[in-house]
Each structure stands twice: as structure tokens, then as C-alpha cells.
1. Largest first, how would Val17, Val107, Val37 line up by accessible area (1.4 Å probe)?
2. Lys and Arg at +1, Asp and Glu at -1: add these up for the other residues within a Cβ distance under 14 Å of Ala72 and post the number.
3. Taking 7 Å along the Cα-to-C-beta vector as the label spot, tell me the Leu139-Lys49 distance in nanometres, rounded to one decimal.
4. Using only Cα atoms and rounding to the nearest 10 degrees, what angle (0 to 90) does helix 70-80 make with the longest principal axis of the chain?
5. 5 Å is the cut-off here: which amide hydrogens, built 1.01 Å from N in the peptide plane, fall below it relative to Ile23, excluding neighbours closer than 5 in sequence?
6. Which entry in (i) 17.7, 64; (ii) 18.4, 51; (iii) 43.2, 122 matches Rg and Dmax of the Cα atoms in Å derived from the coordinates of this structure?
7. Give the accessible area for Asp71 in Å² (nearest 10); use a 1.4 Å probe, count only protein heavy atoms, and leave out ligands, DNA and RNA.
8. Relative contact order of the chain, please, whole-number percent, based on alpha carbon pairs below 8 angstrom and at least 6 residues apart.
Amino acid sequence: MGAAVASLVAAVVAPRVASLVAIEALGPIAQPVSALVDATTAIAVRRRKAEEKEKEEKDEGKRMAQFESKDAAVRVRMKTGLHFVSEPGTQRLVDRGVVKTETGKFVWSSDPVAVKNSPMRYSEDDVHTFLDGIQCPVLNIYGDKGLYDWLNKKGFGNRASHV
């Protein structure tokens, strides 16, 4: 998510950005133009339902997922993560991303709203326009077991030619 936002910001405030370092991404995930309305509507509906569920759970005193230990959080993250991350990498994510509660259990410290899909969507041409607007040097780093193949399969592989 950070590289997607950073790419957009680097274009919007281009004169103020000296350089851009991105890991595994340039620009946000795009949608085909024909799917923009339906995809945006679906995201907005899912987001509203999730917010209603969160409010209901908060009113009932329920909390986010709690883990007995950091090791338990690692196991769950490795099973449910969108993309493969090694166990040592997942351990680092957990070490940085969970906090211990008063009850001794661990919860993710992230803002639940921040990790939801944004209802804002761009077409691939829109993303290219933003990338074309970046004026600074760009270093995009891909891992050998990262998103590169997935991005290419989804049609996002030629973005580097736009920076």
C-alpha cells in the first residue's frame, strides 16, 4: 500500500519529491475501465457492512482478533496473508505489528479502517498518467519471491516504462 500511495504523491507534488523508493509496486492496483463502477460499488458496500459489523462488535464489547502469543499470530498471518511471506519475515511483521493488551494477549496495532480497500479506483491508463508525472529518480525493488510475477499476470508489468 505504501508504494502505491507514494507513487501518486510523487506525481502530485513532483517538484517537492527528491526521489522515490518503492518495494514491490508502482502505483495502485488498477481496474479495467468497464469494471470501475461495479468494483467501486462492491468495495463501498463491503466497507459499509464491515463498518457496521465493527460498530456492532464494539457495542457488544467484542474486540479484534486476539492471540495467546506472538507465535500464534505468526501462524495465523502465514495462513491468511494475501502473499507468501517466509516465517522469519512474518515474525518481523508480527514483532512490529502487534501489541500486548492488559490481559496479556496480542492484537494487531493497525487501524482497522486503514487496511480496508479504498472505494477509489483508477484504470491502468490513469495509473500510467500519474507515473508519467513523476519527475524524480525512482528505485523499485522486487523480491525474488514477491509480487513481480503476480503483477505481470495481472497486466501491471509495464509500469516501470512510465517513470
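1. On the way: Val17 35, Val107 15, Val37 110 Å².
Listed by decreasing accessible area, they come as Val37, Val17, Val107.
2. Details: positive: Lys70, Arg75, Arg77, Lys79, Lys100, Lys105; negative: Glu68, Asp71, Glu87, Asp95.
Taking every Cβ under 14 Å from that of Ala72, the sum is +2.
3. Reported label-point gap for Leu139 and Lys49 is 4.3 nm.
4. The helix 70-80 is inclined about 50 degrees to the chain.
5. Under 5 Å from the amide H of Ile23: Ala3, Ile141.
6. After the calculation, the listed value that fits is (ii).
7. Around 90 Å² of this residue is reachable by solvent.
8. Details: 187 pairs, mean separation 64.5, N = 163.
Averaging sequence separation for qualifying contacts and normalising by length gives 40 percent for the chain.
The values are calculated or read from the model by the stated rules, or taken from the named source; none is laboratory data. All of these numbers come straight from a predicted model, not from anything done at the bench. Using ideal geometry, Cβ is built from the backbone for each residue, glycine included, and neighbour counts are taken over all protein chains shown. Keep in mind that these areas ignore ligands, DNA and RNA; they rest on the heavy atoms of the full protein, side chains included. Shrake-Rupley method; radii C 1.70, N 1.55, O 1.52, S 1.80 Å.
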